[in-house]
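Colleague: My structure is below; once you've seen it, I'll send some questions.
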Amino acid sequence: MQEPNFETFTFPNGTIDACYLNVTLGVPCRQGSVSVIGVDARTVNDIQAAVKFAAEHNLRLAVKNTGHDFFGRSDARGSFVIWTHHMKNVTMHQSFQLTAAPSNETYDFALTVEAGVQWHDAYSAADASERTIVGGVTAGGSVGAAGGWPAGGGHSALTPTFGLGVDNILEMTMVTANGTFLTANTRVNPDLFWALRGGGGGTYGIVTSITYRTHPRVPVIGAFFSVGANASQPTASLLAAFTELVRITPNLTDAGWGGYTDVVPAFLGAGAVSFDITYIIPNVSWAAANATIQPYFDFVSALAANSSGDAAPMAGSFAFTKQYTSFFDWYMQTIDETGGVGANLELGSWLLPRTTLEGNPQGVAETVLETIAGYYLVAGGAASRVDPDAAGINPAWRKAAVHTIGGTTWAEGTTANEINALRAALNDRNARLRALAPESGAYFNEASPFEPDFKQAFFGSHYDRLRAIKKAYDPQVLFIVTEGVASDEWDSTLNCRV
Ligand SMILES: Cc1cc2nc3c(=O)[nH]c(=O)nc-3n(C[C@H](O)[C@H](O)[C@H](O)COP(=O)(O)OP(=O)(O)OC[C@H]3O[C@@H](n4cnc5c(N)ncnc54)[C@H](O)[C@@H]3O)c2cc1C
């Protein structure tokens, strides 16, 4: 797993079963939650045989691709795993004919990725045909392109321009709980196609391939900016700077700006609070890009120039814009090739609607600067222009302008009690985010594994329909994941029905 805490297992008495990377702790290596046996699948046939085997023997089944899941949903203590990582075929179709569609309904340059393909492979393939594909932004492009990312929704810095991952899927193939291989799109198996786009990974069957639409390769302008103050609480100027960012966020995403605001909040800053932005906008002129972002840079520069009366003056680098030949070019130059692996991490997050940002910008800014690490412009714009019921994804995404996210971390060897205390503090911070827009929701793939009302938070009004589709295709509940559809019908280990 990307986060080794999801390879550990904690017994009710607080004993942790694990195989720590830090061998100097002298703790014997134990199995924890790592699956005990499984299939390294190479073909659809392998997956069909493995699914039938798991069903026949009533095994606790885990489906694993990259192991990036933030809830540890791709392993489980004592489980049999089907591993898709080596299913790496990528096919660029000059003209893609949707199954069961009229022959004149074709899509130029659609890209089919098999279950184990990762974003770096998909980006390279799209770029080789001078196309852009909407995908995850991660060190080394390591997130899977056809596993959990699309199953949970799939956000990107390109989302405000081209929509979410699920908005770009044309067709999928999959193996169901009884081993049947089928195709799903808007015409064949449309119910499954609806559920697979945002209704959660590891829940309806095993996806074996996804065909995405791609977009023309266009130039991209990147904007970078950082600002901070040596103060243990947000200063007046920092708060004003972030409040203004919140106020203009819906306009930025409407214009097509997307990307990441990384915050060092007050509780983490150890005497400093700061934030920086890494945003992009595709296919606009310098003049158009500047018209939307430069007034903000000027606003913050003026605030900084007048911040000497604050507890600490605000300083930073107030604007840096650069043109790239494409999203892929930006991605290759900006995102690290490696990183982020091997640290214990648990998340909390909440989607903030544009009405919340417009109605309470200062409240949002205060909460963000005091509690979280990420204020991501990976919603809004094109994602909000899609019919909320067009796919199974939580309708909260269609009203959201921003995905806010925080986390907690700990060293290996930390006791269960200490981890629970960190978790409780994270839950308190997350409750502050939730209170800003209780009617909204959270992103299934990057959230707390302890959401108090996971059905509402992750699926909203789509839950009952998703549950009915699952019942039709997986009546015995072979596929089950933490806080996924039907998980409340099982105990906390997901081994026994309640
Ligand atoms: C470093 C990092 C960066 C990230 N960046 C982004 C980002 O930019 N945008 C974003 O939206 N998310 C991002 N995420 C979150 C990411 O979308 C989720 O972690 C996602 O679940 C990963 O999917 P995976 O298939 O790679 O991982 P896995 O852990 O292997 O699988 C995740 C879930 O999907 C299920 N699954 C996997 N393959 C299949 C399949 N073929 N059929 C059915 N179910 C399957 C698994 O059972 C599990 O429940 C990031 C995560 C990390 C760790």
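Colleague: In whole Hz and in residue order, list the ³J(HN,Hα) couplings for region 178-187 that follow from phi through the Karplus curve 6.51 cos²θ - 1.76 cosθ + 1.60, θ = phi - 60°; x for Gly and Pro.
Modeller: Listing the rounded values in order: 9, x, 6, 9, 9, 9, 9, 8, 5, 9 Hz.
Colleague: Next question. Based on Cα coordinates alone, diagonalise the gyration tensor for the chain, multiply each eigenvalue by 5, take square roots, and list the semi-axes in whole Å, largest first. Provide the component values of the computation, followed by the final result.
Modeller: On the way: eigenvalues 260, 167, 79 Å².
Listed largest to smallest, the semi-axes of the chain are 36, 29, 20 Å.
Colleague: State in Å² the accessible area per residue of the chain; use a 1.4 Å probe, count heavy atoms of protein chains only, and round to the nearest integer.
Modeller: Working: 19240 Å² over 498 residues.
Dividing the accessible area of the chain by its residue count gives 39 Å².
Colleague: Give me, ordered by chain and number, the residues 5 or more places off residue 96 or on other chains with an amide H under 5 Å from its own placed amide H.
Modeller: Long-range HN contacts for residue 96: 107, 108, 109, 110.
Colleague: Under 8 Å for C-alpha pairs, at least 6 residues apart: give me the relative contact order for the chain, rounded to a whole percent.
Modeller: Values: 1196 pairs, mean separation 83.5, N = 498.
In percent, rounded to a whole number, it is 17.
Colleague: Which value at 222 nm does the chain reach when only helices count, each DSSP H run of 4 or more adding -39,500 (n - 2.57), with the total divided by all residues and rounded to the nearest 500 deg cm²/dmol?
Modeller: Values: 14 runs with 146 residues, N = 498.
My calculation for the chain gives -8500 deg cm²/dmol from helical runs alone.
Colleague: How large, in percent, is the carbon and sulfur part of the accessible surface of region 90-216 at a probe radius of 1.4 Å?
Modeller: On the way: 1710 of 3490 Å².
Summing carbon and sulfur atoms, their accessible area is 49 percent of the total for region 90-216.
Colleague: Quick one: how many lysine pairs in the chain have C-alpha atoms under 30 angstrom apart, if they're 8 or more apart or on different chains?
Modeller: Summing the qualifying lysine pairs gives 15.
Colleague: I've got another one for you. Using only the Cα atoms of region 90-216, what are the Rg and Dmax in Å?
Modeller: Expressed in Å, the Cα Rg and Dmax of region 90-216 come to 13.6, 40.
Colleague: On a C-alpha basis, how far is the centre of region 1-76 from the centre of region 274-291 in Å? Whole number, if you could?
Modeller: First find each Cα centre; the distance between them is then 42 Å.
Colleague: Would you pull out the residues with amide H under 5 Å of residue 376's amide H, same chain only if 5 or more places away, H placed 1.01 Å from N?
Modeller: Amide H to amide H, under 5 Å and 5 or more residues apart or across chains, residue 376 pairs with 261, 403, 404, 405.
Colleague: Moving on. Using a 1.4 Å probe on the protein heavy atoms, what percent of the accessible area of region 220-456 belongs to carbon and sulfur? Don't skip to the answer; put the middle values down first.
Modeller: On the way: 4960 of 9140 Å².
After summing per-atom areas, the C and S share lands at 54 percent.
Colleague: To continue, here is another question. Could you tell me the distance between the Cα centroids of region 326-387 and region 107-148, to the nearest Å?
Modeller: The two parts, judged by their Cα centres, are 21 Å apart.
Colleague: So what J values fall out for region 33-45 if you push phi through Karplus, 6.51 cos²θ - 1.76 cosθ + 1.60 with θ = phi - 60°, rounded to Hz, Gly and Pro as x?
Modeller: Values, residue by residue: 9, 5, 3, 8, 7, x, 10, 8, 6, 10, 9, 4, 4 Hz.
Colleague: Under the Karplus relation 6.51 cos²θ - 1.76 cosθ + 1.60, θ = phi - 60°, what is the ordered set of whole-Hz ³J(HN,Hα) values for region 361-378, x standing for Gly and Pro?
Modeller: Result, ordered by residue: x, 6, x, 5, 4, 4, 5, 5, 5, 9, 10, 10, 10, x, 10, 9, 8, 10 Hz.
Colleague: Ranked by accessible surface with a 1.4 Å probe, highest first, in what order do 355, 8, 371 come? Can you show the working numbers first?
Modeller: Working: 355 95, 8 35, 371 5 Å².
If we order 355, 8, 371 from most to least accessible, we get 355, 8, 371.
Colleague: Taking 0.36 nm per intervening residue step and subtracting the Cα-Cα distance, what contour gain separates residue 139 from residue 476 on full extension?
Modeller: Once the chain is fully extended between residue 139 and residue 476, it gains 117.5 nm.
Colleague: Excluding the sites themselves, what is the longest stretch of the chain that contains no chymotrypsin sites (Phe, Trp or Tyr not before Pro) in a DSSP loop with at most 16 other C-beta atoms within 10 Å? Mind dumping the intermediate values first?
Modeller: On the way: sites that count: 267, 450.
Within the chain, the longest run free of exposed chymotrypsin sites (Phe, Trp or Tyr not before Pro) spans 1-266.
Colleague: Sticking with this one: So which cysteines in the chain don't have a second cysteine's C-beta under 4.7 Å from them?
Modeller: 496
Colleague: Would you kindly state how much longer the chain becomes between residue 370 and residue 251 on full extension, computed as 0.36 nm times their sequence separation minus their alpha carbon distance, in nm to one decimal?
Modeller: Here the answer is 40.4 nm.
Colleague: Still on this structure: What are the residues whose amide H is under 5 Å from the amide H of residue 69, where those residues sit 5 or more places off or on another chain and H is modelled from the backbone?
Modeller: It is 2, 74, by chain and number.
Colleague: Right, here's the next one. Might you report the magnitude of the Cβ-based charge dipole of region 435-498 about its Cα centre, with Lys and Arg at +1 and Asp and Glu at -1, to the nearest 20 debye? Write down the numbers at each step before the final one.
Modeller: Details: 6 positive and 10 negative charges, 61 e Å.
Using only the charged Cβ atoms, the result is roughly 300 debye.
The values are calculated or read from the model by the stated rules, or taken from the named source; none is laboratory data. Since we're looking at a predicted model, the values are computed, not measured. Using ideal geometry, Cβ is built from the backbone for each residue, glycine included, and neighbour counts are taken over all protein chains shown. Each accessible area value is taken on the protein alone, full model and side chains, heavy atoms only, with ligands, DNA and RNA left out. Shrake-Rupley method; radii C 1.70, N 1.55, O 1.52, S 1.80 Å.
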